[in-house]
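Written below as structure tokens is the structure these notes are about.
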């Protein structure tokens, strides 16, 4: 099977193929041999829908035995899938926030029928057809898609608002802020990026681009004094960690 065929498998199809099934945080997890290339893999379902972006395949882990693959899948699933109760918990770290954000943006919505916002139209008729299909559906600004179930959309948006509130409170911690800033500095190759401060700071606040110093940028943010100090500490740590590169 190719990836398109795999992602089109129904839960019943996978149930017939799987070697083992388990419940994990309300999701159905299937360990299944998908044959050539993909081989021993893990597939995720909820509400009879494939959560395809949470799947993982042996193809991506060359050299691992079957036992090692299963151990890997079980160790990584807690970083991909979360309960609603876990979303509401105080954040443990900046990594915790990023994983929960990814779950809400990319996985949670896949458990329900929907139509994506993203389309390429070749004709006006195609655009009109999409408008017709989505006319009585409900827009989900978190999943960037239209859904048939308004209650589901409302719940999804509420979970997102809860996570944003938890992140706002977490940003009152120096260590959390420094960790979050440092991650984005690595993510944007801070040391070789001509607009590094703007790229990093734009992940946390709306700020116009200018060719200016770090301190000048920070002066234009709405950061607290503690957050500004955390940013400068992250910058120092970044250069200390990369000085041998």
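Run down 102, 113 and say which single residue is assigned by TED's automatic domain parsing to the domain that holds residue 143, within 30 Å of residue 150 (Cβ to Cβ), more than 13 Å from the chain's Cα centre (by Cα) and surrounded by 12 or more Cβ atoms within 10 Å (Cβ to Cβ). Full working, then the answer.
Values: 102 fails: more than 13 Å from the chain's Cα centre (by Cα).
Of 102, 113, the one residue that is assigned by TED's automatic domain parsing to the domain that holds residue 143, within 30 Å of residue 150 (Cβ to Cβ), more than 13 Å from the chain's Cα centre (by Cα) and surrounded by 12 or more Cβ atoms within 10 Å (Cβ to Cβ) is 113.
Go through (1) surrounded by 12 or more Cβ atoms within 10 Å (Cβ to Cβ); (2) under 17 Å from residue 101 (Cβ atoms) for residue 165 and report which single condition fails.
It is condition (1) that residue 165 fails.
Quick one: count up the residues across segment 19-57 that are at pLDDT 95 or above, more than 20 Å from residue 84 (Cα to Cα) and surrounded by fewer than 17 Cβ atoms within 10 Å (Cβ to Cβ).
The qualifying residues number 5.
To keep it simple, each residue is scored yes or no on (1) touching a residue at least 24 places away in the same chain (Cβ under 8 Å); (2) surrounded by fewer than 17 Cβ atoms within 10 Å (Cβ to Cβ); (3) within 27 Å of the chain's Cα centre (by Cα).
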position	(1), (2), (3)
193	no, yes, yes
198	no, no, yes
202	no, yes, yes
205	no, yes, yes
212	no, yes, no
215	no, yes, no
220	no, yes, no
238	yes, no, yes
243	no, yes, no
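Which numbered condition trips up residue 139, out of (1) in contact with a helix residue (DSSP H, G or I) (Cβ under 6 Å, 6 or more places away or on another chain); (2) part of a strand (DSSP E or B)?
Answer for residue 139: the failing condition is (1).
Quick one: is residue 177 within 30 Å of residue 108 (Cβ to Cβ) and surrounded by fewer than 18 Cβ atoms within 10 Å (Cβ to Cβ)?
Details: within 30 Å of residue 108 (Cβ to Cβ): yes; surrounded by fewer than 18 Cβ atoms within 10 Å (Cβ to Cβ): no.
It is false that residue 177 is within 30 Å of residue 108 (Cβ to Cβ) and surrounded by fewer than 18 Cβ atoms within 10 Å (Cβ to Cβ).
If you scan segment 23-57, which residues turn out to be in a loop (DSSP other than H, G, I, E, B) and closer than 16 Å to residue 3 by Cα?
Scanning segment 23-57 gives 34, 35, 36, 37, 38, 39, 51, 55, 57.
Considering only segment 58-81, state which residues are surrounded by 17 or more Cβ atoms within 10 Å (Cβ to Cβ), part of a helix (DSSP H, G or I) and touching a helix residue (DSSP H, G or I) at 6+ places or on another chain (Cβ under 9 Å). Write out each step before concluding.
Narrowing segment 58-81 to residues surrounded by 17 or more Cβ atoms within 10 Å (Cβ to Cβ): 58, 69, 73, 77, 80-81.
Narrowing the set further to residues that are part of a helix (DSSP H, G or I) leaves 58, 69, 73, 77.
If the condition is that a residue be surrounded by 17 or more Cβ atoms within 10 Å (Cβ to Cβ), part of a helix (DSSP H, G or I) and touching a helix residue (DSSP H, G or I) at 6+ places or on another chain (Cβ under 9 Å), then 58, 69, 77 are the ones that fit.
The values are calculated or read from the model by the stated rules, or taken from the named source; none is laboratory data. Please read these numbers as outputs of a predicted model, since none were measured by experiment. In this analysis, Cβ positions are derived from the backbone assuming ideal geometry, glycine residues included, and neighbour counts consider all displayed protein chains.
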